[in-house]
Amino acid sequence: VEVKIEVVIPEKERSKEEMSPNGKASPLIYKVNGTARHYHLEEHPIASNPYHNPKDVVEASVCHVKDLENGQMREVDLGCGKALLIKESGEFHAVGHKCPHYGAPLVKGVLSKGRVRCPWHGACFNIGTGDIEDFPGLDSLPRFQVKIEKEKVYIRASKQALQTQRRTKMMAKCISLSNYNLSSTNVLIIGAGAAGLVCAETLRQEGFSDRIVMCTMDRHLPYDRPKLSKSLDSHPEQIALRPKEFFCTYDIEVLTEMQVAAVDVKSKIAVFKDGFKMEYNKLLIATGNTPKTLSCKGKEMENVFNIRTPEDANRVVKLATSKNVVIVGASFLGMEVAAYLAERAHSVSLVELEHVPFKKFFGERVGRAVMKMFENNRVKFYMQTEVSELREQEGKLKEVVLKSGKVLRADVCVVGVGAVPATGFLKQSGINIDSKGFIVVNKMMQTNIPGVFAAGDAVMFPLALRNNKKVNVPHWQMAHMHGRIAALNMLAHGMEISTVPYLWTAMFGKSIRYAGHGEGFDDVVIQGDLDELKFVAFYTKSDEVVAVASMNYDPIVSKVAEVLAAGRTIRKRDVDAAVFLSFRTGDMSWLTGKGS
């Protein structure tokens, strides 16, 4: 028996000739209370030969059909690139072998019930279509057709697909109508982070061809915000989620440096800070968070930063090189910035109110292990204290005074003491906001106002993993899924959110992966070696595992995420002995059948 794999990919991204006539998005006017929708995917002729250029095709023998058992994956080399060959339930599938997000090798990921989950950050892809089903990331995998002939496995693939290892789903474009009005849109998205962008893209992928407008206070098109604290010298164009041409091609309008000051939900009008007004039919609020600032004397002086934009991050790197840096707050942002600057600055000091970093999130033992790693890399901690004053010399920061009495030399200060929801402009809107400023939504990301949705860091939503308890999960992955669910429900799909939270942090070339929602955990079961930073930690509440974290033990976090996503429960008693065994043998099959 032979297995042949043939690439099946959409046409190359639309050429410039296929853009709107003026090279820009084509805005439309619609009756704000209208119900008409246009669903129009661009039609492409189906050629008898799916490869436009025969020279772009490669075919190679890669293995015997019996080389793979059910549930196995293998990277196969075609000479000019690789594919991921999968056998599940007696059928063969083939897709791209790298996760389009950050390039993780999917062969090291987790295969479960028709999808493969990335071992690094948890993105999931359908093995039959290559489509992305859980996030982070925007693109899907190229899918390759599998054929079986005789007893050898052949792959026939497009060289281009093998090299790019990503596929953008086919999208609709805006139908240009003569009735044009700048101040009216069908869908208005406030915020241009992951939630807003995924919402816009999902609408287009589903064939929505009315006008879509995104507005943002930022000066840039949507970018990979988590990189700001992990790689501070990144420039906007390096971390852009999509190039400018993408937004033009698919008629997704982005208004930069535009702040919404109020929303009139009865009239369906958003009022901008400069007085401009825009009518909408559907609204997504995805404004994220606003960083907290210090309340002490001197907080407004030069060289004190909240890292919010690429310019902030770039400025910090420039000023911190060979200088003294003080970071206030052992948050994810604070710790990641400290790690990045440790080799660049003359000194890095970190001030934190708790006695151990990440105690509430990862627990004391893991927090101490991380703290030791930082201390081994020349980061000095000042714990259980706060900043009482920032002192200047000639208008610039010179010293940070702590309540403990310690005075730290400081040329740069980075503040990472948390954030609050950026929802102040909604206070008089009638949209349900809780006491902390979070927007309350249901499983479909709908607010209490018809036609108004919310997504991302600023929302409280029902988490299926925790019996639909309303929670706030300010993670990059979750913002993607919020945006997708909101878009599908704008189109009346009735889709409910059920994803498992997944996050990661990177420090000194090492990553901590985390899945689940461990808020309120009462015990931590740890196996491995914390001193060697090779461990897995299970966070339990009563007898149930509610979250897991690991370092240098992929893909156990992705494996647990798949178990939780399937609705199964992992009991504390199942973890103690079984995890220890998996460390010795590498066998994690104990996770597949446990629980209810």
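Per residue, the chain exposes 44 Å² of solvent-accessible protein surface, assessed with a 1.4 angstrom probe and all protein chains in place.
Can you work out the FRET efficiency for the pair K266 and S295, with r the C-beta to C-beta distance and R0 = 41 Å, to the nearest 0.05? About 0.65, to the nearest 0.05. Near S511, the amide H atoms lying under 5 Å from its own belong to N552; only residues 5 or more places off or on other chains count, and H is placed 1.01 Å from N. Just so you know, the averaged projected area of the alpha carbon convex hull for the chain sits at 29.0 nm². The range 173-233 and the range 301-342 have Cα centres separated by 29 Å.
Our helix-only sum for the chain, with -39,500 (n - 2.57) per DSSP H run of n ≥ 4 divided by its residues, gives a mean residue ellipticity at 222 nm of -5000 deg cm²/dmol. Site pair D434 and R315 shows an inter-label distance of 3.3 nm when each label is modelled 7 Å from Cα along Cα→Cβ. Paramagnetic label reach from E302 (point 7 Å along Cα→Cβ; backbone nitrogen cut-off under 11 Å): within the range 377-408, residues 393-397. For the cross-link pairs K87/K443; K372/K470; K318/K406; K360/K470; K359/K380; K268/K469, the ones whose C-alpha atoms lie over 28 Å apart are K87/K443; K372/K470; K268/K469. In the chain, the DSSP beta bridges split such that about 70 percent are antiparallel, to the nearest 5. Within the chain, the cysteines lacking any other cysteine Cβ closer than 4.7 Å to their own Cβ are C63, C80, C124, C174, C199, C215, C248, C296, C413. Annotation for the range 391-495: trypsin sites (Lys or Arg not before Pro) lying in DSSP loop with at most 14 further Cβ atoms inside 10 Å of their Cβ are K403, K406, K427, K436. Within the accessible area of the chain, the carbon and sulfur atoms contribute 46%, probe 1.4 Å, all protein chains present.
The values are calculated or read from the model by the stated rules, or taken from the named source; none is laboratory data. All figures in this text were calculated on a predicted structure; none of them were measured in a lab. Virtual Cβ from ideal backbone geometry, glycine too; neighbours counted across all protein chains shown. The area values use the complete protein model at the heavy-atom level, side chains included, leaving out ligands, DNA and RNA. Shrake-Rupley method; radii C 1.70, N 1.55, O 1.52, S 1.80 Å.
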